[in-house]
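Notes for the one structure printed next.
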Amino acid sequence: MGQPAVLRSHDMAYKTLTTWPGAWTCSMHIPTAAPLAAVRQALDDLADATGWPVNAFAYGTADTVDELLIYRDPSQRHGIPSVIESEGAAHTLAAASGWTLATNQAPARGILVGFELREGYEPDAPLHDIGELLNVLPAAELTSCRQAWLISARGTRRRQELCAVLRGSSELLPAITIAAGKFQQERFVVTDLAQQRVYAMQREMSDGD
């Protein structure tokens with residue numbers, strides 16, 4: 001069974017914007033917890049030096065980070081780097097930073113979704129907490145939910161937002177879609193380990209039919 005073409009949430013629908021084969025992720029351990037700003041700079045430097053579009057979840061406190069999970073975010077316009085290119089970028093980052101690859105910690109099954117906690121893209125839009133999200137997700141289908149910073153760097157575009165990193169069975173996806181509508185999300189990326197695919201779900205206005 002492949003990824004859904006359209007999922008509906010209240011008065012919104014989320015359609016598959018773009019999908020690509022491969023469900024690559026890479027976990028990295030930061031031996032000495034680093035300031036968030038320093039981690040962000042290292043990821044920006046990687047994007048600038050290699051041209052690889054960086055997308056990562058940075059785990060830690062508000063001030064320091066001790067773990068990264070790097071993933072691929074497909075772009076309708078620019079496509080997506082190959083798994084080989086992504087592995088090369090991860091090794092480049094490890095060599096430059098001294099951080100270590102932790103391949104045994106990367107997700108191995110189910111789906112992985114980074115769910116942003118701020119509504120839409122405006123910096124002054126409402127910011128929700130992770131507890132609100134957990135209230136609308138079925139615990140039976142949810143393997144883990146961790147708060148992190150979502151950091152992305154593609155070309156000159158740079159973003160940093162609080163998010164919840166969700167892992168669970170594929171049956172969790174409809175509930176994630178309902179939550180996306182409730183929290184006014186424009187887009188989210190699904191890394192499907194079972195189907196070995198990665199795809200982006202984009203919000204579109206629905207007439208309610």
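The values are calculated or read from the model by the stated rules, or taken from the named source; none is laboratory data. The shown structure was predicted, so the numbers you read here are calculated from the model rather than taken from an experiment. Positions of Cβ are generated from backbone atoms using ideal geometry, with glycine treated the same way; all protein chains shown enter the neighbour counts.
Table for the structure above
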| item | result |
| --- | --- |
| Test result for residue 156, free of Cβ contacts under 8 Å to residues at least 12 places away in the same chain and either in contact with a helix residue (DSSP H, G or I) (Cβ under 8 Å, 6 or more places away or on another chain) or of a type in the set (Val, Ile, Thr) (or both) | yes |
| Residue match in the range 194-209 (condition: in contact (Cβ under 8 Å) with a residue 24 or more places away in the chain, touching a strand residue (DSSP E or B) at 6+ places or on another chain (Cβ under 9 Å), of a type in the set (Ser, Thr, Tyr) and crowded, with 17+ Cβ neighbours inside 10 Å) | yes |
| Selection status of residue 167, under 17 Å from the mean Cα position of the chain (by Cα), in contact (Cβ under 8 Å) with a residue 24 or more places away in the chain and under 16 Å from residue 51 (Cβ atoms) | no |
| Matching option when the condition is surrounded by fewer than 16 Cβ atoms within 10 Å (Cβ to Cβ) and either aromatic (Phe, Trp, Tyr) or in contact (Cβ under 8 Å) with a residue 12 or more places away in the chain (or both), among 44, 66 | 44 |
| Selected residue [surrounded by 12 or more Cβ atoms within 10 Å (Cβ to Cβ), among the acidic types (Asp, Glu), part of a strand (DSSP E or B) and at negative phi] from 161, 132, 85 | 161 |
| Filter result for the condition that a residue is at negative phi and in contact with a Ser or Thr (Cβ under 6 Å, 6 or more places away or on another chain), over 203, 167, 154 | 167 |
| Members of the range 67-82 that are among the charged types (D, E, K, R), in a loop (DSSP other than H, G, I, E, B) and in contact with a helix residue (DSSP H, G or I) (Cβ under 9 Å, 6 or more places away or on another chain) | 72 |
| Answer residue from the range 88-109, given it is modelled with pLDDT under 95 and part of a loop (DSSP other than H, G, I, E, B) and is surrounded by the fewest Cβ atoms within 10 Å (Cβ to Cβ) among those | 108 |
| Residue within the range 142-154 that is outside any strand (DSSP E or B), at pLDDT below 95 and surrounded by fewer than 18 Cβ atoms within 10 Å (Cβ to Cβ) present | no |
